[in-house]
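Asks: Take a look at this one; I'll ask things after.
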Amino acid sequence: MNSWLSRNWAKVIFLAALSGIGSSGMANAAQPSGTVRSTHGAWSIICDTPAGATSEQCVMMQNVVAEDRPEMGLSVVVLRTADNKAEILRVLAPLGVLLPNGLGLNVDGKDIGRAYFVRCFQDGCYAEVILEKPLLDTLKTGTSATFIVFQTPEEGIGIPVDLKGFADGFAALP
């Protein structure tokens, strides 16, 4: 089975720690309380200075809902680590998703693989991966992505994510 994480699992956890995002920071990253700095197609850059932080932090995000399941929404967030050495794609899925199946990704009809959920909080469960060049290039040049969550082992729910503006938004991410 193809996995976005594969050899980078430890690296993701390490970089998440370096980024200074703990459990409350993860919730804030998925549901930022800051201000929209700019909009790029379907993506918004939102910046805020979290409690205890010495500088402003920005994320690029899009909130989406399954067309036929209004209760099934995702927050898709791209952020840079505090040390500016990596970018992370973090997806918040609602509680009730089947965790062992992970989060599938399909871009323009091509199966990219699955990411595993890292942890759950009161606002949902998080999957995250490092945006390495092949995945980043796929997202920059793609037109549409579908994230797939599972409520049962057999039932995958595809949630469309518009990639219009992803490349421009990523370039504008401080």
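Asks: Could you list all residues from the range 41-50 that are without any contact (Cβ under 8 Å) to a residue 40 or more places away in the chain, surrounded by 15 or more Cβ atoms within 10 Å (Cβ to Cβ) and in a loop (DSSP other than H, G, I, E, B)?
Replies: If the condition is that a residue be without any contact (Cβ under 8 Å) to a residue 40 or more places away in the chain, surrounded by 15 or more Cβ atoms within 10 Å (Cβ to Cβ) and in a loop (DSSP other than H, G, I, E, B), then 50 is the only one that fits.
Asks: May I pose another question? For the range 95-109, indicate whether the set of residues that are out of contact with any Leu (no Cβ under 9 Å at 6 or more places or on another chain) and of a type in the set (S, T, N, Q) is non-empty.
Replies: Taking every residue of the range 95-109 in turn, at least one turns out to be out of contact with any Leu (no Cβ under 9 Å at 6 or more places or on another chain) and of a type in the set (S, T, N, Q).
Asks: Same structure again: Among (1) at pLDDT below 85; (2) more than 16 Å from the chain's Cα centre (by Cα), where does residue 41 come up short?
Replies: (1)
Asks: Can you find a residue that is under 16 Å from residue 172 (Cα atoms) and at pLDDT 95 or above anywhere in the range 61-75?
Replies: Checked against the condition, which is being under 16 Å from residue 172 (Cα atoms) and at pLDDT 95 or above, the range 61-75 yields at least one hit.
Asks: Being out of contact with any helix residue (DSSP H, G or I) (no Cβ under 6 Å at 6 or more places or on another chain) and assigned to a loop (DSSP other than H, G, I, E, B) is the filter; apply it to the range 51-81 and report the residue that is nearest to residue 144 (Cα to Cα).
Replies: 67
Asks: Can we say residue 90 is assigned to a strand (DSSP E or B), more than 20 Å from residue 153 (Cα to Cα), touching a strand residue (DSSP E or B) at 6+ places or on another chain (Cβ under 8 Å) and not aliphatic (A, V, I, L, M)?
Replies: Working: assigned to a strand (DSSP E or B): yes; more than 20 Å from residue 153 (Cα to Cα): yes; touching a strand residue (DSSP E or B) at 6+ places or on another chain (Cβ under 8 Å): yes; not aliphatic (A, V, I, L, M): yes.
In short, yes.
Asks: Continuing with the same structure: Going by the conditions given, is residue 170 modelled with pLDDT of 95 or more, under 24 Å from residue 72 (Cβ atoms) and of a type in the set (Phe, Trp, Tyr)?
Replies: No; evaluated as a whole, the condition is false for this residue.
Asks: Restricting attention to the range 99-120, does a residue exist that is touching a Phe, Trp or Tyr at 6+ places or on another chain (Cβ under 8 Å), under 26 Å from residue 47 (Cα atoms), of a type outside the set (S, T, N, Q) and not in a strand (DSSP E or B)?
Replies: Taking every residue of the range 99-120 in turn, none turns out to be touching a Phe, Trp or Tyr at 6+ places or on another chain (Cβ under 8 Å), under 26 Å from residue 47 (Cα atoms), of a type outside the set (S, T, N, Q) and not in a strand (DSSP E or B).
Asks: Looking only at the range 118-174, count how many residues are of a type in the set (D, E, K, R), under 22 Å from residue 36 (Cα atoms) and surrounded by 19 or more Cβ atoms within 10 Å (Cβ to Cβ).
Replies: Residues that pass the stated criteria total 0.
The values are calculated or read from the model by the stated rules, or taken from the named source; none is laboratory data. From a predicted model like this one, the values you see are computed outputs, not experimental measurements. No Cβ is skipped: glycine too gets one built from the backbone with ideal geometry, and neighbour counts run over all protein chains shown.
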